[in-house]
Every structure is written in structure tokens, then in C-alpha cells.
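Inspection log for the structure reproduced underneath, given as C-alpha cells.
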Amino acid sequence: MSGAAASPWHEARIERIAPITPRIVSVMLAAPLARPVAGQHVDVKLSAEDGYSAQRSYSIASAPSAPHIELIIEKLDEGEVSPYFHEVAQAGDTLELRGPLGGHFIWRPQDGGPLLLVAGGSGIAPLMAMVRDWREAGGTTPLMLVYSARTWAELAFADELEQLQAQMPQRFLFVAATTRGAPRREGDLGRRLDAVQLQDLQARWGQVPRHVFVCGSNRFVEAAADGLLAANVPAGAIRTERYGGA
Ligand SMILES: Cc1cc2nc3c(=O)[nH]c(=O)nc-3n(C[C@H](O)[C@H](O)[C@H](O)COP(=O)(O)OP(=O)(O)OC[C@H]3O[C@@H](n4cnc5c(N)ncnc54)[C@H](O)[C@@H]3O)c2cc1C
């Protein structure tokens, strides 16, 4: 039996649900789950009255210590499950949840760094859990987050990330790469990530990453991982999580 199949389903209650970008909602859930490790995910099951049910995986974006599980869900217009969270779900609703799941794409403060996190779109979710856990543990190792979205407005948690950089400029570097919008701050990129940019960013950061986590759609993860390898990041340091899609 796989880890997921062995994990029991629990009832979870939506405590808060709100848009955080034009295409992403944040869902705060109360659920009796074990404490997660940053990077893990849960399975969500929605059931209709006629017995039909659908389940999908969502990464945990909240810090492991947080009282609620935060998920961030991007709306895919043709999707079956994600539009439900944008159009139907409300605070007070219940759904089923199992987890926390996943033992490969995880980081604990004792794993150390330097830590390079590369996110595309909603792929920020597990990396945000790592950033939050890193911050709570004192942020003692260098961390660079490179986060790509179409525009600045589509970057989830941009305010929190900017604030963190202002608080810990020596340890935390946050670089936004917007593919359909001009760079907003000095040092941000206004285009897709490629090997040359990843190499430049590493030079600017001045660190050799010990752990690298890349998360997003299939296409994003492939391009970013290829770029990292071409920028001489050792394959053994890179861990990836793919959300599907093209
Ligand atoms: C471990 C794991 C963690 C995940 N965490 C998150 C998360 O934190 N937030 C989040 O929003 N999603 C996350 N996903 C993706 C999520 O599980 C669903 O696949 C996603 O919400 C689409 O489900 P849906 O029912 O709306 O679409 P579906 O009905 O399953 O698919 C509709 C169409 O969209 C395409 N599609 C599916 N996924 C994507 C994608 N990522 N990008 C572009 N097209 C796609 C499909 O190929 C299909 O053509 C995660 C996936 C995995 C495996």
C-alpha cells in the first residue's frame, strides 16, 4: 500500500477562503492532521450527493507550526476541481483531506543550505512553506527564491516576500521573473528564466546552493531544471515537484 493509500481521510473545515491573486485563492483549513514537514502536500477529496467524488493533490503553503493548513489553488478554467474553490466553496464548508504526504520534496531547518528555491505560478506553495519555516528557525542559512509568474499581480505572497527581504537583506534574496509584465524592482527579471539568467542570479547571490527545489507546471519545471543544470548546478542537489499541465 502506498503512503497516500495508507493515510486515513479526515474531515476538514474551510476557515477562510479569499483570492490572493487574480487566479489564485488561499484556503485556510482546520483539520486534525499530523504536523507536516515543509514541502509536503495533502490530497483533497470532494464528494457530490450522488456519490461521485474527485480528488487532487495540493501542497501545503503554511509553515509546519501554523494552526491551520493553508492551500493555494490556481483556477484552471477547464478544470474539474480547482474552479470549485473559486466559484462554490465558502467558509464553513467541509471536505475530506488526507496527509501530510510526500517524503522527497521536503526541507527541514536542520537540512541547512544555502537554499535555492525556484517557483512557477502556484508552484510557490511548498516553497512558501519552506521560506516560512526557514524564517521561524531564524533564517540562519542563505536563501534565494526565484519566482516566476505572468505579472507582478500574479505573484502570490509578494508583500510577505518583499517584507522578509527588507527584514533580512543579508540572508534572503527574492527575485521576481515576470513573463508578461515589466520588472518591478531593481534586480527583478522581465522574461522567462533561462540558463544564462540562472547563472547570473547565482553570481549575484554569491552562494553555491546545497539544496535546490523547483516547483510548478511540467513545462516550467523542465525548463528551470534544464537551465539549472546548464548553469552548473549539480543534478544531485536538485529536487522537483510537477503540478501537471503542459
Ligand atoms: C504533489 C502536487 C501538489 C500540487 N499542489 C498544487 C497547489 O498547491 N496548487 C495548485 O493550484 N495546484 C496544485 N497541484 C495541481 C492539482 O493537483 C490539480 O492538478 C490542479 O488543481 C488541476 O485540477 P483540476 O481538477 O482543476 O483540473 P483537471 O480537470 O485535472 O485538468 C484540466 C486540464 O488542465 C490541465 N492541467 C492540469 N494541471 C495543470 C497545471 N498545473 N497547469 C496547467 N494545466 C494543467 C490538464 O492537463 C487538463 O487538460 C498539485 C499537484 C501535485 C501532483
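The values are calculated or read from the model by the stated rules, or taken from the named source; none is laboratory data. All values derive from a computational prediction rather than experimental measurement. Glycine also receives a Cβ, built like all others from the backbone with ideal geometry; neighbour counts cover every protein chain displayed. Heads up: the accessible areas ignore ligands, DNA and RNA and are worked out on the full protein's heavy atoms, side chains in. Shrake-Rupley method; radii C 1.70, N 1.55, O 1.52, S 1.80 Å.
A few remarks follow.
- Counting only Cβ charges, +1 for Lys and Arg and -1 for Asp and Glu, the dipole size of the stretch 109-243 around its Cα centre is about 180 debye.
- Per residue of the chain, the DSSP helices (runs of n ≥ 4 H) give a summed -39500 (n - 2.57) that works out to -6500 deg cm²/dmol at 222 nm.
- Sorted into 10 angstrom bins from 0, the C-alpha pair distances of the chain split as 7, 33, 37, 19, 5, 0 percent.
- Two-decimal log10 I(q)/I(0) for the stretch 3-101, as the Debye equation yields it once each C-alpha is a single scatterer, q = 0.11, 0.16, 0.18, 0.23 Å⁻¹: -0.29, -0.64, -0.82, -1.35
- For the chain, carbon and sulfur atoms together expose 48% of the accessible surface, with a 1.4 angstrom probe and every protein chain in place.
- In the full protein context, the chain carries 47 Å² of accessible surface per residue, based on a 1.4 Å probe and ignoring ligands, DNA and RNA.
- For the stretch 61-146, the Cβ-based charge dipole about the Cα centre amounts to some 480 debye (Lys, Arg positive; Asp, Glu negative; other atoms uncharged).
- A Gaussian network model of the chain, with springs between Cα atoms under 10 Å, assigns the largest mean-square fluctuation among Ala177, Ala125, Ala66 to Ala66.
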